[in-house]
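Nothing in this text is a laboratory measurement; each read-out follows from the coordinates by a stated rule. Owing to the predicted nature of the structure, the values given are computational and were not obtained by experimental measurement. Heads up, the Cβs are rebuilt from the backbone with ideal geometry, glycines too, and the neighbour counts pull from every protein chain shown.
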Amino acid sequence: MITREPVFPANRHALYEQHGYSAAIRSGDLLFVSGQVGSRADGTPEPDFAAQVERAFENLAATLAAAGCTFDDLIDVTTFHTDPENQFETIMLVKQSIFPQPPYPNWTAVGVTWLAGFDFEIKVVARIPAQQK
């Protein structure tokens, strides 16, 4: 049986407690990260869209770090957008600052109608580096 070990960032935000989920689950050498949003420590959304996207990536980086991973360890990325056509340019600016050159992770973007008060969410699968397993 494969074990599932919950992973939380050092400064876990209130959403984990409010909605009863783990930031990530380590299973073998894989890390499955729950959707990360641009939430402040109290769980409320960052009001400015660009700041919300940046905060979502910051929250993702903190969760990855808690498992000994970085953005370089990402295998699969899925993002969810409430208004993809109008948000794409802003998201791409943040994305390009985090992934400035190849190799890029594979990426799927999905338009949705509801993200619990947020406008952007990112979930990933990462491979945990050998020294962190």
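Taking amide H atoms as placed 1.01 Å from N in the peptide plane, the amide H of residue 24 lies under 5 Å from those of 7, 34, each 5 or more residues away in sequence or on another chain.
For the range 14-64, what class follows from the C-alpha gyration tensor (a ≥ b ≥ c being the square roots of its eigenvalues): rounded when a/c is under 1.5, otherwise prolate if a/b is larger than b/c, else oblate? Intermediate values should be presented prior to the final figure.
Numbers: a/c = 3.31, a/b = 1.58, b/c = 2.10.
Here the range 14-64 falls in the oblate category.
Treating only the Cβ of Lys, Arg, Asp and Glu as charged (+1, +1, -1, -1), what charge dipole size does the chain show about its Cα centre? Round to the nearest 20 debye.
Roughly 520 debye for the chain.
Between 0 and 90 degrees, the angle of helix 49-66 with respect to the longest Cα principal axis of the chain falls at about 0 degrees.
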